[in-house]
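**Q** Provided herewith is a single structure, encoded as structure tokens, for subsequent inquiry.
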Amino acid sequence: ASDYHIYRMCVWPADQQKSDTRTVYIANKFPQHGHYIPQRFADNRIISSKYTIWNFIPKNLFEQFRRIANFYFLIIFLVQVSPDTPTSPITSGLPLFFVITVTAIKQGYEDWLRHKADNEVNGAPVFVVRSGSLVQTRSKNIRVGDIVRVAKDETFPADLVLLSSDRAEGTCHITTTSLDGETNLKTHYSVPETAVSQSVSRLESLQAVVECQQPEADLYRYHSQSDHPNPPHTLGPENLLLRGARLKNTKEIFGVAVYTGMESKMALNYKCKSQKRSAVEKSMNTFLIIYLGILLFEAILSPILKYAWQAENKWDEPFYNQKTDQERNSSQFISDFLAFLVLYNFIIPISLYVTVEMEKFLGSFFIGWDLDLYHEESDQKAQVNTSDLNEELGQVEYVFTDKTGTLTENEMQFRECSINGIKYQEINGKLIPEGMTEDSPDGANKEEELFLKAVSLCHTVQISYDQTDGPGDPFSHANGFSPQMEYYASSPDEKALVEATKRMGVTFIGSHGEIMEIKTFGKAEKYKLLHVLEFDADRRRMSVILQKPSGEKVLFTKGAESAVLPYSTSGEIDKTRVHVDEFALKGLRTLVVACRHFSADEYQEVDRRLHEARTALQQREERLVEVFNFIEKDLELLGATGVEDKLQDKVQETIESLRLAGIKVWVLTGDKHETAVSVSLSCGHFHRTMNILELVKQKSDSECAEQLIREDHVIQHGLVVDGASLSLALREHEKLFMEVCKNCSAVLCCRMAPLQKAKVVRLLKTSPEKPITLAIGDGANDVSMIQEAHVGIGIMGKEGRQAVRNSDYAIARFKFLAKLLLVHGHFYYIRIATLVQYFFYKNVCFITPQFLYQFFCLFSQQTLYDSVYLTLYNICFTSLPILVYSLFEQLVHPHVLQSKPALYRDISKNSLLSFKTFLYWTFLGFCHAFVFFFGSYTLMGEDTTLMGNGQMFGNWTFGTLVFTVMVITVTLKLALETHFWTWMNHFVTWGSIAFYFIFSLFYGGIIWPFLHTQDMYFVFVQLLSSGSAWFAIFIIVITCLFPDVIKKVFYRHLQPTSTQKSQVSVRLPPQTLQL
């Protein structure tokens, strides 16, 4: 075995104590001597599901009985089970069982889908080194300390410390798109001592320890330090490969697992999945409490009045039914109260929850069936993961969106450039000066050639040749140019620029060690790479120093115009500045290119200074910056480039539609400040006329406060804030920061860690106004934000399925968000708002006559309706019309909703479920109930004979008359509310009334052997044989509904809403929503 090494990976946050560490033995080779206590680590399973087989029933029942209505009906059911109650326990037990079962099946099915997705990830095949050989196992079986092999284009199955790579220098390239949204290629380095241990046997014989901090969520904030100059060797974030990142441009690597499963940084950035509840459901709970109050009032008042009246002698029992002295003296208030509670309990409708569940579940299919939300190129349709939040799509006030892959396609395209003060465009792979045609002579002048060489040499691009697996000789392709050659760059701009110069005749062939080779119009040239001056956020430029084939030393620099133009002393500076501004106005990402030629003495001085700075033990960073600034001056300006980050289709129109709908859009991205601002401008999130305020690179709380106070007075502005400044602003000045944000018409947050994104969403969500938030993203770095927002939407992009799996809804492109909110959200909300209020209305109509009847039967708990009618009223007679209404209703045609986004404002802030509207529906219910009861009573009150043979009606006939009028009225009331009639609406509306009549004739017309009492025998037939009863039904129904019609006409003409105006102004051909 080789020597025993200790590699200490130090990634402490500033406030972390070093004692809080874990010790990982590579290949799980634990020490044989001494007192070693094994540490317990998490396994490598990822869990996004909520239930297991064992806890599903108790956990689901607990969640369901947290609902006020379910808990209430459980109590009522238990009361009914006791003897001497006026109604059977089946009347509330059966619907309760049905609701609980349907909801449990729905939630169980949704969680099963999550389990299925988790199993796919956890069961993915991986290779680990065990017992001296490579063994294939499943991802979930990886343990901390295992040496894992990862091949090209695979994702890392756990957080690994890189031990060795197949590249000669022991490096590997990865993309972290799914973690922080950055598409650029990042270089990671293996531990120097193990970089050469590429064979399985050599790795197996390795004896080493990695000591690292306990798992922490932060992806960015690392402080690396070394305690000893000899081994132990200090490792930093550049040695750590994070789960979810993807290996690129490297055949294979070996790494040791240090954080696994739910302890990996990606998983720690997930939020635990909590139950999301919609605003409508919260309103429903409020309404239920009010109705519970009405119920308790009626149930307490009834026994009080009963005892008050019974105290009068005139109500004494007849001689054959007299009470004993004991019965007279004992109070049965509690049992009477419970009996009245059971009698009136139907005022709170349990079937409301069944109908709402069915409406949400069935309604969610419309999103998947909508062809406008289908993306043909990727063959992906919209999918619904949680149907509980459909109506919330109609209430959104803030949209938080990721940038990379959500607003953009992740594709950079070269568009224009400026060389020596002349603007050029690329036409069919040629650089054509502005105003010239394509027929211009081939070949480039000296300035153009130098500019193209600078662009094709000043970068850190890597090349991958698909047909060679090993590192090979990159120059072997120089003569026969390989079509399989693929560039990998540290930024997408670099890749686009190198690909553009290739099309224009200056091709970067590759670099090997210090040699960089390009082909200039077919002629190969080799340059020696002497130094790379890396890009950093403060300098905002990068440079390379090269030795030309002629031996001359030259510096090529490229960077932001503010970082290059001030240091340029020659070249067309003013013209280039104008061109750069023009490019930026078109939404292009701009870079300025310059060069500097060194004499032999100048280069010696530069080389000496660089060497001193790079080997300095103290203040290395500061010294390097000083030297870089010394080198990058007296530049000769060559030109500028304009690259477009291709936006997704119709992003600008979508953001504009959302803005017109009153929705504020925030962009939260892990990307660089300049890139984010550039994309915000090009996608219409920021307008050119907008005053853009910047809260970036703030060092302290007080600086933050000053900046915020200074910015508070601007009227129309956009705000840019970065992750570090945001942390400072939220620490001390949260209120001030929120005030500024609310005054901004657009906010852009850049350099955001995943948990910071979630924190911003939570901040707005919990602000005093409690706005409804929506988060949309496509990568694993967006999962926390998606789970935190009221509604989370995953984009089926190129960054894996993490966001889609953890979202409530998934769509293929950002542009589909407009239809999802403005059309589907609008429809779902108006449907469910009417459904909820209509249910309360029809149950007030149902139970109030029962309460009024007690005044006429001395509160003897006599029921007005037969128990079969009590059970079937909500289940059969009035359930289908409202269910069909809640699936198909459209106040306005979908095309109108999309073309007039402002109509979304009509339903914002839960306006259709306001307290005023709720009171109106409740008042209407009481009014109609009084008309039903007293209308029927007036007709029959004075012992009137309504039968042809002189017979009078009894109490069951009276109750049936009230019930008949009620079924017809509440069904027709819904018909008045319906704007969009389909054949199904007609079928269930008229069919429900017809079914009631047919059922009643059968139920009362036959002696049923299994019924022990049949109070309703022949009652309905008798009622319908009376002409007076038919007249009464007609008059009462008209009396109830006519004022309603008058009110509708009156309001529509005097105070029409925007929605009502749209119904009149646009006459579209009658056609249903294309699904």
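**Q** Skipping prolines and chain starts, which residues have an amide H placed within reach, meaning under 5 Å, of the one on L719, given they are 5 or more residues away or on another chain?
**A** Amide H neighbours of L719, under 5 Å, 5+ apart: L693, A746, V747, L748.
**Q** Could you give the length gained by full extension between E734 and L61, i.e. 0.36 nm per residue of separation minus their alpha carbon distance, to one decimal place? Display every interim value, and only then the final one.
**A** Numbers: separation 673, 0.36 × 673 = 242.28 nm, distance 3.91 nm.
My answer for the length gained is 238.4 nm.
**Q** Here is a follow-up. Which of rounded, prolate, oblate describes segment 715-836, given a ≥ b ≥ c as roots of the alpha-carbon gyration tensor eigenvalues and a/c under 1.5 marking rounded, otherwise prolate only if a/b is larger than b/c?
**A** On the way: a/c = 1.99, a/b = 1.31, b/c = 1.51.
The shape class here is oblate.
**Q** Tell me, what is the per residue accessible area of segment 737-799 in Å², probe radius 1.4 Å?
**A** Numbers: 1500 Å² over 63 residues.
Roughly 24 Å² per residue, with all protein chains present.
**Q** Further, regarding this structure: Could you work out the local net charge near N60, counting Lys and Arg as +1, Asp and Glu as -1, over the other residues with Cβ closer than 13 Å to its Cβ? Walk me through the numbers before you get to the answer.
**A** Details: positive: K50, K59, R66, R67, K106; negative: E63, E110, D111.
That works out to +2.
**Q** To the nearest 0.05, how large is the calculated FRET efficiency for F333 and E621 if R₀ is 60 Å and r is the Cβ-Cβ distance?
**A** Numbers: r = 83 Å, r/R0 = 1.38.
Result of the calculation: an efficiency of 0.15.
**Q** On a C-alpha basis, how far is the centre of segment 636-653 from the centre of segment 724-769 in Å? Whole number, if you could?
**A** When both Cα centres are located, 29 Å separates them.
**Q** Let me cross-check S205: its accessible surface, 1.4 Å probe, with only protein heavy atoms counted, in Å² to the nearest 10?
**A** 40
**Q** OK, next. Starting at the first residue of segment 140-152, write each ³J(HN,Hα) from the Karplus equation 6.51 cos²θ - 1.76 cosθ + 1.60 with θ = phi - 60°, in whole Hz, x for Gly and Pro.
**A** 5, 8, 5, 10, 4, x, 5, 8, 10, 9, 10, 9, 3
**Q** Sticking with this one: Across segment 809-818, in residue order, what do the Karplus-derived ³J(HN,Hα) couplings come to in whole Hz, using 6.51 cos²θ - 1.76 cosθ + 1.60 with θ = phi - 60° and x for Gly and Pro?
**A** 9, 9, 10, 7, 9, 4, 4, 6, 4, 4
**Q** Continuing with the same structure: Return the distance in nm (one decimal) between the two label points of a simple spin-label model at R905 and D538, each offset 7 Å from Cα along Cα→Cβ.
**A** Here the answer is 4.7 nm between the modelled labels.
**Q** In whole percent, and with a 1.4 Å probe on the protein chains, what portion of the accessible area of segment 514-571 is carbon and sulfur? Provide the component values of the computation, followed by the final result.
**A** On the way: 1250 of 2460 Å².
That share works out to 51 percent.
**Q** Would you mind working out the magnitude of the charge dipole of segment 236-299 relative to its Cα centre, with +1 at each Lys and Arg C-beta and -1 at each Asp and Glu C-beta, to the nearest 20 Debye? Each step should come with its number before you reach the end.
**A** On the way: 10 positive and 5 negative charges, 66 e Å.
Charge dipole of segment 236-299: 320 debye, to the nearest 20.
**Q** If you average the C-alpha positions of segment 507-580 and of segment 244-266 separately, how far apart do those two centres end up, in angstrom?
**A** 34
**Q** How many nm is it between the label spots at W309 and H986, if each spot is 7 Å from the Cα in line with the beta carbon?
**A** Inter-label distance under the simple model: 4.8 nm.
**Q** Of M940, M436, which has the most accessible area with a 1.4 Å probe, and how do the rest follow in descending order?
**A** Details: M940 30, M436 105 Å².
Result, largest first: M436, M940.
**Q** Given a 1.4 Å probe and the protein chains all in place, what does the accessible area of T52 round to, in Å² to the nearest 10?
**A** Probe radius 1.4 Å; accessible area of T52 about 70 Å².
**Q** Within segment 374-390, find all residues whose amide N lies under 20 Å from a label point positioned 7 Å from the Cα of S49 along Cα-to-beta-carbon.
**A** Hits in segment 374-390 for S49 at 20 Å: 384-388.
**Q** Let me ask something else about it. Using modelled backbone amide H atoms (1.01 Å from N, in-plane), which distant-in-sequence or interchain residues come within less than 5 Å of E644's amide H?
**A** It is Q413, F414, R415, R589, by chain and number.
**Q** Tell me, what % of the accessible area of segment 383-439 is carbon and sulfur with a 1.4 angstrom probe? Each step should come with its number before you reach the end.
**A** On the way: 770 of 1890 Å².
That fraction is 41 percent.
**Q** Here's a follow-up. Counting only the heavy atoms of the protein chains, how much of H687 is accessible to a 1.4 Å probe, in Å² to the nearest 10?
**A** Accessible area of H687: about 70 Å².
**Q** Determine ³J(HN,Hα), in whole Hz, for all residues of segment 777-789 in sequence, where each value follows from phi through the Karplus function 6.51 cos²θ - 1.76 cosθ + 1.60 and θ = phi - 60°; x replaces Gly and Pro.
**A** Per-residue couplings from phi come out as x, 10, x, 5, 5, 9, 4, 4, 5, 5, 6, 6, 5 Hz.
**Q** Right, something else. Length gain on complete extension for the stretch H1053 to N428, per 0.36 nm per residue less the alpha carbon to alpha carbon distance?
**A** Working: separation 625, 0.36 × 625 = 225.00 nm, distance 6.11 nm.
The H1053-N428 span can extend by a further 218.9 nm.
**Q** Can I ask one more? If we count every other residue with Cβ under 15 angstrom of I300's Cβ, Lys/Arg +1 and Asp/Glu -1, where does the sum land?
**A** Values: positive: K306; negative: E298, D336.
Charge balance in the 15 Å sphere: -1.
**Q** On a full-extension model of 0.36 nm per residue, what is the gain between T187 and F71, subtracting their alpha-carbon distance, rounded to one decimal in nm?
**A** On the way: separation 116, 0.36 × 116 = 41.76 nm, distance 5.77 nm.
Full-extension gain reported as 36.0 nm.
**Q** Scan around R541 for amide H atoms under 5 Å from its own, H built in the peptide plane at 1.01 Å from N, and keep only partners 5 or more places away or cross-chain.
**A** D536
**Q** Let me ask something else. Roll a 1.4 angstrom probe over the protein heavy atoms and tell me the percent of accessible area of segment 801-864 that is carbon or sulfur.
**A** On the way: 470 of 910 Å².
Of all accessible area on segment 801-864, carbon and sulfur atoms account for 52 percent.
**Q** Put +1 on the Cβ of each Lys and Arg and -1 on the Cβ of each Asp and Glu in segment 40-186; which of N55, I105, N70 then has its Cα farthest toward the positive end of the dipole?
**A** Towards the positive end, the residue furthest out is N55.
**Q** Go through S680, S199, S491 and list them by solvent-accessible area, largest first, probe radius 1.4 Å. Write down the numbers at each step before the final one.
**A** Numbers: S680 0, S199 50, S491 25 Å².
These residues rank, largest area first, as S199, S491, S680.
The values are calculated or read from the model by the stated rules, or taken from the named source; none is laboratory data. Since we're looking at a predicted model, the values are computed, not measured. For neighbour counting, all protein chains shown are included, and Cβ atoms are generated from backbone atoms with ideal geometry for every residue, glycine included. Side chains included, ligands, DNA and RNA excluded: accessible areas come from the protein's heavy atoms. Shrake-Rupley method; radii C 1.70, N 1.55, O 1.52, S 1.80 Å.
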